[in-house]
């Protein structure tokens, strides 16, 4: 018997190329998976990071074995949310994999397309004014 639960729909993880690293954010309900990948976990940024193609391949193979569907994202523009620096952003930060400031804006790269919901972020921005 394999270590994969075939009765569940595949869970998807996006692995983003950000600068010189590949990274992803996912909450694993299974402590075994987190423990296996813990050497790649950046506690300051709340994300997993791999520094080279060999590490990425190793992590991807393990996650696929565990039943995850992996997508490599080199162009993160579709995953970007931009808000004013003066707005509250804690809710956005929770689902972002990277953030930085540019002029008067705070820019976030979100972990998945579901998190890039313009109506949701527009409402948050309006509420925080």
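Restricting attention to the range 95-108, the residues being surrounded by fewer than 13 Cβ atoms within 10 Å (Cβ to Cβ) and within 19 Å of the chain's Cα centre (by Cα) number 2. Could we say that residue 92 is under 13 Å from the mean Cα position of the chain (by Cα) and surrounded by 15 or more Cβ atoms within 10 Å (Cβ to Cβ) here? In short, yes. Restricted to the range 78-89, and to residues there that are at pLDDT below 85 and crowded, with 16+ Cβ neighbours inside 10 Å, the residue that is nearest to residue 14 (Cα to Cα) is 89. Looking across 123, 129, one residue alone is at pLDDT below 90, in a helix (DSSP H, G or I) and surrounded by fewer than 15 Cβ atoms within 10 Å (Cβ to Cβ). It is 123. Annotation: of all residues in the range 53-68 being surrounded by fewer than 16 Cβ atoms within 10 Å (Cβ to Cβ) and touching a helix residue (DSSP H, G or I) at 6+ places or on another chain (Cβ under 9 Å), the one that is farthest from residue 19 (Cα to Cα) is 62. Residues that are modelled with pLDDT under 95 and in contact with a helix residue (DSSP H, G or I) (Cβ under 8 Å, 6 or more places away or on another chain) within the range 3-52 comprise 3, 4, 28, listed in sequence order.
The values are calculated or read from the model by the stated rules, or taken from the named source; none is laboratory data. This is a predicted model, so every value here is computed, not measured. Because the Cβ atoms are built from the backbone with ideal geometry, glycine has one as well, and the counts that use them run over all protein chains shown.
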